[in-house]
1. May I ask you to derive the FRET efficiency for A:Val84 and A:Ala240 from their Cβ-Cβ distance with R0 = 41 Å, giving the value to the nearest 0.05?
2. For A:92-99, what's the mean count of beta carbons from other chains sitting within 10 Å of each residue's beta carbon?
3. Using the Cα atoms as the points, what is the convex hull volume per residue of segment A:56-158 in Å³?
4. In debye, nearest 20, what is the charge dipole magnitude of segment B:68-288 about its Cα centre with +1 on Lys and Arg Cβ and -1 on Asp and Glu Cβ, if you could check?
5. At what distance in nm do the modelled label points of B:Ile112 and A:Glu66 sit from each other, each positioned 7 Å from its Cα along Cα→Cβ?
6. Just want the answer: with Cβ charges of +1 for Lys and Arg and -1 for Asp and Glu, which residue in B:Ala95, B:Leu152, A:Ile8 is farthest toward the dipole's positive end in the protein assembly as shown?
7. Using DSSP H assignments, which helices in chain B have an axial alpha-carbon span of 18 Å or above and a mean Kyte-Doolittle hydropathy of 0.5 or higher?
8. Relative contact order, percent, of chain A when contacts are C-alpha pairs under 8 Å separated by at least 6 residues?
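Each value in this text was obtained by applying a stated rule to the coordinates, not by laboratory testing. Small disclaimer: the values here were computed from a predicted structure and weren't measured. Cβ: placed from backbone, ideal geometry, glycine included. Neighbour counts: every protein chain shown.
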Amino acid sequence: MAALKTRISIENLNMFYGDFHALKDVCLQVPQNNVTALIGPSGCGKSTLLRCVNRMNDLIDGVRTEGRIIIDDQNIFSPETDVVLLRKKVGMVFQRPNVFDQSILNNLRFGLRIHRQMRSKSETMELIQKSLEDVGLWDILKDKLHHNARQLSLEQQQRLCIARVLILLPEVILLDEPCSSLDPIATMRIEELLRVLRERYTLVIVTHNMQQAARASDYTGFMYMGQLIEFGLTQGIFTAPCKELTENYITGHFG
Amino acid sequence: MFRKINERIIETAIRVSGFAVIAFVILIFLFLLKDSLSLFRVYPLKAFLTSTQWLPISEPPTFGIIPLLMGSILVMVGAIVICVPIGVATALFIAEVAPGYLKMILKSLVEILASIPSVVLGFIGIVWLGPFLKTTLHLNTGMCGLTGAILLAFMALPTIISISEDAIIGIPRSYKEAAYGLGATRWQTMWRIVLPAASSGIIAAVMLGIGRVIGETMVVMMVTGNAPIIPHSILQPLRTLTATIAGEMGETVGGSDHYYALFAVGLVLFVITFMLNFVADISLRKSRK
Ligand SMILES: Nc1ncnc2c1ncn2[C@@H]1O[C@H](COP(=O)(O)OP(=O)(O)O)[C@@H](O)[C@H]1O
Ligand SMILES: [Mg+2]
């Protein structure tokens, strides 16, 4: 295997919701061009950790963060970091598909607009086509771009959400239980999509579904009560975990 | 058994009051229609709708509704232009920007504004706003359409603010999260996501606010100058539909042509208000969908 490059380096991260210590000394090196899964019982801090990486937690009152997250040699918590650019570089897909109540076209154009990247019409259309092709929606939607995005099926909505992130040419994509509102077949297809996207992006996916982590990820981190208990190759975590807690969780002894 | 009878009684009572409201509205409409028709038996409908003069006590009288309608429309449009941006901006500020304590203060201010009697507003218009506009805009008189429009805007503001605010608060959090997640700033999120998503609720708010002031009489009678002539600008004295009815009803003889003409004016007003509320209702329903 080629030498792994670290894309995101999380160093001694502590996070507090007010007095509640939600993340405890988390250290994690997210490898580039791989799918990294975060698993653990609900409430263990998976979403919290994920939302630290593009600073979505800034939106919540009373949140305090200690430690560093390094992306491209820069600590994202430092005052010099431009959050707008950070979120462009580190895109996020949410648990429930959250397309805007507007046309498909507007959903895709939104990112270009806010980042002042509206080029000529033909260039914009090219980008839109490319991003829809990447998520396998172009052939279905190319004649329906003016339809309201909320008329799509949930799976298509979630794909559109991914396309909406891709159009901004991000480098990292964070996915917070992206399949939890989808049926098993749609879930499989999204997982396939992730495997394709891995070639070009660094993906971090939160899931409470262990089969999904086993199927779709290259690396897995197991979290418990705000701590990262174990991190390693997915195969290793699922076949020969080092920690007893991990083993108990994977074998279904709690959860 | 008892419970069943109880249920029956309550259900019937609710149903009766529901039908009673509908019946009242229809009765009012029929009443207006009947008295208006009495006018059109002696005075042509066409003249009522097209004549450009309202001269109820000259010989022979002219009952042209156009000057009054123009007066009402001008004041209303003026009020809309003033109160919509202010109202929507305030609603956005309260819903999205203001910290907790400021939110409380603003909301109670809006409630206080809603509870000011219109006579008091009219009084403020006469002693303060009118003279102020007169000197700053170099007008012949401060009693003009603009003064009325500003005061009506203030009367519509509480409705617009509180209903728009509800519409904005009702926007799913997930939309905002999506926008922030893509790197949008707070203003971009408000302008491009929150406002469009709340638009039908906001339109309803504006309609209801305007619907509330279109029937308003006291303020416009006190400050708009009461000149039943076609206004060429909002800076001229004018007279609205409501002010005409309220101002002239006391001087007419029951059963005279003039008396019936005022009912016809009332009918026009009723139709306008009804349509406004209808549109507001449709957009509210759309926004709740
Ligand atoms: N906005 C918040 N305010 C306070 N506590 C929160 C907030 N969000 C999450 N928490 C708490 O932080 C812990 C981790 O939550 P989360 O990261 O959502 O867990 P997971 O995604 O693993 O299910 C939970 O105990 C939760 O109650
Ligand atoms: Mg979660």
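1. On the way: r = 43 Å, r/R0 = 1.05.
With a Förster radius of 41 Å, E is 0.45.
2. Mean partner-chain Cβ count within 10 Å for A:92-99: 4.
3. Measuring per residue, one finds 141 Å³ for the Cα hull of segment A:56-158.
4. Working: 12 positive and 10 negative charges, 148 e Å.
Value, rounded to 20: 700 debye.
5. With each label placed 7 Å out from Cα toward Cβ, I get 4.6 nm.
6. Farthest along the dipole direction, towards plus: B:Leu152.
7. Span-like helices in chain B: B:2-42, B:66-92, B:100-115, B:145-169, B:195-214, B:257-288.
8. Computed over chain A, the figure is 28 percent.
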